[in-house]
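Engineer: Please find one structure pasted underneath; my questions will follow.
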Amino acid sequence: MKKAFLVLLLLAVVPLPQADACVGKALTIGVTNTLEEQVLAEMMAAVITERTGTTVQIRYFATTEELSDAIRASLVDISIENTTRALRAMNRPRETDPNKAFEIVKTAYEKDRGVVWLKPFGFLNGKGVEGPSYTATVLRVEVFNNFPALPRVLGKLGTVVNDEAYTRLVRSVEAGEQPKKVAKDFLKSKKLI
């Protein structure tokens, strides 16, 4: 009877780990080796690490094809994609309505590639992209299921990274600042880390 009481007392006092905790786990972000994607990857890595305690590694790829292969081989857990590039990868015609383009790629990627698109960042025109194109974080389905806190954590970036902020951040890196420093300074200014 005493033992049962002690067990119940311990369970009441010692908090159990949260179901959505990511602490002690590791994730790999994969992006193409462009200044634009370096800045976004550094922001994602900092927010994930600070908000969840998850270890994050960033891997850079020379081409989008190499990156896609790495995602399919489960060597990359998280990436960045834009709707224009995604439509081209699916051999689909360009879509002028960015909302429609987002719905097309979101549905197709999850069904055919096992990748979930999160809420887009708050900007429409990434550098080197013709016309309006949403850019969003994409996760492998297994990562989406095993790290349920990620969409909420990464969704915070979408509210602060708009066209103006994104352009300013990329220009800072073009001027010689390190992507990691630019990303962290921005996140601190927005009180996200």
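The values are calculated or read from the model by the stated rules, or taken from the named source; none is laboratory data. For clarity, every value in this text was computed on a predicted model and none was experimentally measured. Because the Cβ atoms are built from the backbone with ideal geometry, glycine has one as well, and the counts that use them run over all protein chains shown.
Engineer: Anything in the stretch 57-70 that is over 25 Å from T167 (Cβ atoms) and either crowded, with 21+ Cβ neighbours inside 10 Å or polar (S, T, N, Q) (or both)? List them, or say none.
Structural biologist: Of everything in the stretch 57-70, those that are over 25 Å from T167 (Cβ atoms) and either crowded, with 21+ Cβ neighbours inside 10 Å or polar (S, T, N, Q) (or both) turn out to be Q57, S68.
Engineer: Can you pull out every residue in the stretch 146-179 that is of a type in the set (V, I, T), buried (at least 16 other Cβ atoms within 10 Å of the Cβ) and out of contact with any Lys or Arg (no Cβ under 7 Å at 6 or more places or on another chain)?
Structural biologist: Result: V161, V173.
Here is a yes/no grid of residues against (1) in contact with a Lys or Arg (Cβ under 7 Å, 6 or more places away or on another chain); (2) among the charged types (D, E, K, R):
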| position | (1), (2) |
| --- | --- |
| A62 | no, no |
| I78 | no, no |
| T84 | yes, no |
| A89 | no, no |
| K106 | no, yes |
| Y109 | no, no |
| V116 | no, no |
| P120 | no, no |
| P132 | no, no |
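Engineer: Step by step: first the residues of the stretch 54-72, then only those that are over 15 Å from the mean Cα position of the chain (by Cα) and not small (G, A, S), then the one that is farthest from L35 (Cα to Cα). Which residue is that?
Structural biologist: The selected residue is R72.
Engineer: For residues that are of a type in the set (S, T, N, Q), in contact with a helix residue (DSSP H, G or I) (Cβ under 8 Å, 6 or more places away or on another chain) and not in a strand (DSSP E or B), tally how many sit in the stretch 55-76.
Structural biologist: Selection size over the stretch 55-76: 3.
Matching residues to (1) surrounded by fewer than 20 Cβ atoms within 10 Å (Cβ to Cβ); (2) within 17 Å of the chain's Cα centre (by Cα); (3) on the phi > 0 side of the Ramachandran plot; (4) modelled with pLDDT of 90 or more:
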| position | (1), (2), (3), (4) |
| --- | --- |
| V7 | yes, no, no, no |
| V13 | yes, no, no, no |
| K25 | yes, yes, no, no |
| N33 | yes, yes, no, yes |
| I48 | no, yes, no, yes |
| S74 | yes, yes, yes, yes |
| I78 | no, yes, no, yes |
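Engineer: Shifting gears a bit: What are the pairs, 6+ residues apart or on separate chains, where a residue within the stretch 153-168 that is within 15 Å of E50 (Cβ to Cβ) has its Cβ under 7 Å from a residue that is of a type outside the set (A, V, I, L, M) and part of a helix (DSSP H, G or I)?
Structural biologist: Qualifying pairs under 7 Å: V153/R51; V153/T52.
Engineer: Okay, next question. Just one of the numbered conditions (1) assigned to a helix (DSSP H, G or I); (2) surrounded by fewer than 18 Cβ atoms within 10 Å (Cβ to Cβ); (3) within 16 Å of the chain's Cα centre (by Cα) is not true of N99; which one?
Structural biologist: Tallying (1) assigned to a helix (DSSP H, G or I); (2) surrounded by fewer than 18 Cβ atoms within 10 Å (Cβ to Cβ); (3) within 16 Å of the chain's Cα centre (by Cα), N99 fails exactly one: (3).
Engineer: I need the full set of residues from the stretch 80-91 which are of a type in the set (A, V, I, L, M) and surrounded by fewer than 18 Cβ atoms within 10 Å (Cβ to Cβ), in order please.
Structural biologist: Matches in the stretch 80-91: A89, M90.
Engineer: Consider the stretch 138-178. How many of its residues are within 16 Å of the chain's Cα centre (by Cα) and assigned to a helix (DSSP H, G or I)?
Structural biologist: 16
Engineer: I'd like the residue in the stretch 121-137 that is touching a helix residue (DSSP H, G or I) at 6+ places or on another chain (Cβ under 7 Å) and either of a type in the set (S, T, N, Q) or modelled with pLDDT of 90 or more (or both) and, out of all such residues, is nearest to T64 (Cα to Cα).
Structural biologist: If we take residues in the stretch 121-137 being touching a helix residue (DSSP H, G or I) at 6+ places or on another chain (Cβ under 7 Å) and either of a type in the set (S, T, N, Q) or modelled with pLDDT of 90 or more (or both), then T137 is nearest to T64 (Cα to Cα).
Engineer: For R94, all conditions in the list (1) in a helix (DSSP H, G or I); (2) in contact (Cβ under 8 Å) with a residue 24 or more places away in the chain hold save one; what is the number of the exception?
Structural biologist: Only one criterion is unmet by R94, namely (1).
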